[in-house]
């Protein structure tokens, strides 16, 4: 992904275009691509600003966040539920999600799940 160029540079390119230069001439003068100059001009005409949009970030977690109450209730009902079982429960509700999505949901909400010990602690030798 390309880096975002400064707002000052964008404004100077648009000002040069409004001053009578073509977009390609302004792009050559300021050392940017013609496509960028054209795009910045269009942004300025449409929205009145050449500011860049935010980059990165989470754009898809809203789908699983809508089921946060259901997920927490499922964990309370069955504390040792696996991610695969939880994935199947959500798929039954027409919300297919991946294991990674569930893991990130738990990480975001600081939900930790430790497995319970299946064996009794040894009195003679410490177990791991």
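Derivation of every value follows stated rules applied to the coordinates shown; laboratory data play no part. Remember, predicted model here, so these are calculated numbers, not experimental data. All Cβ positions, glycine included, derive from the backbone under ideal geometry; neighbour counts span all protein chains shown.
Here are the numbers:
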quantity: Some residue of region 63-73 being touching a helix residue (DSSP H, G or I) at 6+ places or on another chain (Cβ under 7 Å) and either free of Cβ contacts under 8 Å to residues at least 24 places away in the same chain or exposed (fewer than 15 other Cβ atoms within 10 Å of the Cβ) (or both); calculated: no
quantity: Selected residue (only one of 27, 35 is without any contact (Cβ under 8 Å) to a residue 40 or more places away in the chain and loosely packed, with under 14 Cβ neighbours inside 10 Å); calculated: 35
quantity: Matching helices (runs of 4 or more DSSP H) fully within region 1-115 where at least 3 residues are under 28 Å from the mean Cα position of the chain (by Cα); calculated: 7-18, 34-47, 62-65, 68-77, 83-92, 99-108
quantity: Meets criteria (touching a helix residue (DSSP H, G or I) at 6+ places or on another chain (Cβ under 9 Å), over 30 Å from residue 18 (Cβ atoms) and surrounded by 11 or more Cβ atoms within 10 Å (Cβ to Cβ)) for residue 108; calculated: yes
quantity: Filtered residues of region 1-21 (kept if farther than 24 Å from residue 57 by Cα and surrounded by 14 or more Cβ atoms within 10 Å (Cβ to Cβ)); calculated: 9, 11, 12, 13, 14, 16, 17, 21
